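A.B. asks: First the structure, which I've put down as structure tokens, then a few questions once you've had a look.
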Amino acid sequence: MLTRIPARAPTLARARGFASSSLAGKERLVILGSGWGGYNLARKADKSLYDVTVISPNSYFSFTPFLASTCVGTLDFMCATEPVRGIKKVNYGQGWAESVDLEKRTVHVVPALPAQHKTEKDIPDELGGSAELHAAFSPGDAYDVPYDKLVVATGCRSASFGTPGVIEHAHFLKDVREARAIRYRLLQNLEIATEPHITPEEKKRLLSVRVVGGGPTGVEFAAELCDFVTQDVYRIYPHLKNQVSITLYDLAPGILQSFDASLRSYAERKFKRSGVEVRGNTKIVAVGKDYLELASSGGEDPERVPYGLLVWNTGLQANPFIEALPGLDKDPKSKSLRVDPHLRVCDADGKPLNGVFAIGDNATPNDGHRLPATAQVASQMAGYMAKLLKAAGRGEEIDKARPFKWKDHGSMVFIGDYRAMVDRSKAKDEGPRARMSGFVAWVVWRSYYMTLAMGWRNKILIPVYWALAFFFGRDVTNF
Ligand code: FAD
């Protein structure tokens with residue numbers, strides 16, 4: 001399987017001196033992506049056996065469970081990131097993997113610089129993965145990165161399901177840059193709404209926040225926003241009291257469909273009390289600069305609903321890089337790479353490729369068992385991969401290694417006002433505390449994610465920011 005490689009592309013080893021320690025007898029391990037899968041693997045990989053190189057457009061790891069908190073200032077953006085360059089003995093190239101040459105064992109990389117001008121939604125669907133697109137964002141020259149072992153951990157993109165106007169006007173929430181954009185827009189709208197010339201209709205629009213998608217991401221964002229509005233905005237902007245509206249839309253009848261029914265109705269009751277309106281069975285058919293169009297039930301014109309901020313969280317779609325890789329076994333539904341029980345990428349005939357692996361959201365087991373697209377799965381795959389590569393590096397046969405097995409630890413979601421829900425009813429070791437909701441669940445939720453924070457800087461910073469928000473309120477500085 002070959003993909004297009006420009007003749008002039010220098011290798012990364014020559015261009016930047018990366019991956020050069022293969023001379024020192026180490027194999028070159030190249031990891032694509034710095035998310036839950038890629039970043040975790042880069043930390044855990046055995047550097048005495050491998051010369052590790054990470055290629056990712058993001059020079060940092062985004063701790064996604066805290067993104068909603070950063071949108072409203074419960075946490076600083078720094079609390080939800082870890083720098084890739086902070087990992088010892090790891091080379092890093094800020095770029096997009098564009099193609100893989102499986103014969104030459106190289107990855108073709110297009111620099112992703114300057115990164116600050118790009119968010120995920122800036123990539124038009126029809127251009128996804130193309131050199132033209134990357135060139136538009138990347139003034140630097142492309143280069144090739146040679147590998148002995150390749151781990152693809154490029155994740156997925158937020159899905160718009162082809163709804164017109166979403167890419168142009170809605171905010172996704174998948175990365176800290178997007179969280180920053182949401183925060184900016186939210187705080188800006190509050191200021192504009194206080195301007196003397198603003199009409200009551202315009203004020204109402206500016207203060208209307210619409211969240212599309214009632215999964216955990218949309219729910220946590222709505223919950224964080226509701227806390228921010230009631231605990232801080234109405235204190236700082238008393239003239240806006242009770243004027244901010246938050247509406248959550250979903251195609252399903254309600255929110256959090258993956259949770260147990262009793263927890264779902266607990267969350268819906270909680271939202272009702274807090275004033276977050278949940279509109280189930282609602283399809284958004286188009287998005288304009290400042291309005292949504294909702295499908296009508298009886299053939300009339302779609303209902304037009306104005307918004308000041310629109311956050312879109314309706315699930316995932318394939319990464320254009322993965323979609324463009326030819327000759328590989330892909331899941332027909334998710335278009336992700338199908339992997340064997342040792343997480344090896346398979347060719348079109350379903351045979352595992354030597355030395356090429358996939359982990360995280362862009363990998364689907366080829367045994368017919370779909371795994372949820374979660375950080376839990378991605379980090380377990382990364383841990384497994386680090387061990388597998390260590391064994392392989394010591395000469396053990398991959399086929400004889402223990403296959404990857406995912407352990408379901410259950411799901412958690414924050415629903416606001418010091419409350420959360422924990423659902424372990426599908427986890428194997430289901431016990432009396434399989435379902436939990438309320439304050440105790442909130443303590444469990446916070447403690448669990450605190451312990452998951454990767455570096456010591458964040459293990460210290462996160463409780464400090466929580467305490468600052470609790471005692472002094474959230475920061476509303478808009479820069
Ligand atoms: P990602 O973390 O998405 O990382 C992909 C990486 O690849 C990124 O660094 C990206 O820049 C890079 N990349 C993309 N294209 C290329 C390319 N062409 N070349 C090189 N690099 C590329 N899961 C939970 O289990 N619990 C939670 O509480 C939870 N909360 C969440 C909250 C939010 C707001 C979101 C968005 C997700 C949440 N998730 C949660 C899901 C979880 O974050 C994902 O399942 C997880 O990030 C998947 O990890 P990954 O490594 O596969 O992909």
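A.B. asks: Of Val209, Val229, which residue is surrounded by 18 or more Cβ atoms within 10 Å (Cβ to Cβ), in a helix (DSSP H, G or I) and under 29 Å from the mean Cα position of the chain (by Cα)?
C.D. replies: Values: Val209 fails: in a helix (DSSP H, G or I).
Testing whether each residue is surrounded by 18 or more Cβ atoms within 10 Å (Cβ to Cβ), in a helix (DSSP H, G or I) and under 29 Å from the mean Cα position of the chain (by Cα) leaves just Val229.
A.B. asks: May I pose another question? Which condition from (1) surrounded by 18 or more Cβ atoms within 10 Å (Cβ to Cβ); (2) at pLDDT 95 or above; (3) within 30 Å of Gly410 (Cβ to Cβ) is the one that Leu310 breaks?
C.D. replies: (3)
A.B. asks: Another question, then. Kindly indicate whether any position in the range 339-352 is more than 28 Å from Gly393 (Cβ to Cβ) and in contact (Cβ under 8 Å) with a residue 24 or more places away in the chain.
C.D. replies: Among the residues of the range 339-352, not one is more than 28 Å from Gly393 (Cβ to Cβ) and in contact (Cβ under 8 Å) with a residue 24 or more places away in the chain, which makes the answer no.
A.B. asks: Another question, then. Kindly evaluate Glu277 against the criterion of being surrounded by fewer than 20 Cβ atoms within 10 Å (Cβ to Cβ), touching a residue at least 12 places away in the same chain (Cβ under 8 Å) and over 27 Å from Cys156 (Cα atoms).
C.D. replies: yes
A.B. asks: Give me the pairs, please: first residue somewhere in the range 151-176 and in contact (Cβ under 8 Å) with a residue 40 or more places away in the chain and on the phi > 0 side of the Ramachandran plot, second residue anywhere and aliphatic (A, V, I, L, M) and more than 8 Å from the ligand (Cβ to nearest atom), beta-carbon distance under 6 Å, and either six or more positions apart or on two chains.
C.D. replies: Pairs found: Gly165/Ala286; Gly165/Val287.
A.B. asks: What number of residues in the range 431-479 are more than 25 Å from Thr374 (Cβ to Cβ) and part of a loop (DSSP other than H, G, I, E, B)?
C.D. replies: Here the count works out to 7.
A.B. asks: Could you run through the range 42-70 and say how many residues are within 9 Å of the ligand (Cβ to nearest atom) and part of a helix (DSSP H, G or I)?
C.D. replies: 5
A.B. asks: Looking at this structure, is Ser56 crowded, with 20+ Cβ neighbours inside 10 Å, under 16 Å from the mean Cα position of the chain (by Cα), under 22 Å from Leu388 (Cβ atoms) and modelled with pLDDT of 95 or more?
C.D. replies: Yes, satisfied.
A.B. asks: How many residues does the range 342-374 contain that are crowded, with 21+ Cβ neighbours inside 10 Å, within 13 Å of the ligand (Cβ to nearest atom) and on the phi < 0 side of the Ramachandran plot?
C.D. replies: Of the residues in that region, 7 qualify.
A.B. asks: With respect to the numbered conditions (1) within 14 Å of the ligand (Cβ to nearest atom); (2) among the β-branched types (Val, Ile, Thr); (3) more than 30 Å from Lys104 (Cβ to Cβ); (4) assigned to a strand (DSSP E or B), which one is the sole condition not fulfilled by Thr314?
C.D. replies: It fails just one condition, (4).
A.B. asks: Hey, among Lys289, Lys283, which residue is away from the ligand (no atom under 16 Å from the Cβ) and closer than 16 Å to Gly214 by Cα?
C.D. replies: Going through Lys289, Lys283 in turn, the sole match is Lys283.
The values are calculated or read from the model by the stated rules, or taken from the named source; none is laboratory data. Please read these numbers as outputs of a predicted model, since none were measured by experiment. Cβ sites come from the backbone with ideal geometry, for glycine too, and all protein chains shown count toward neighbours.
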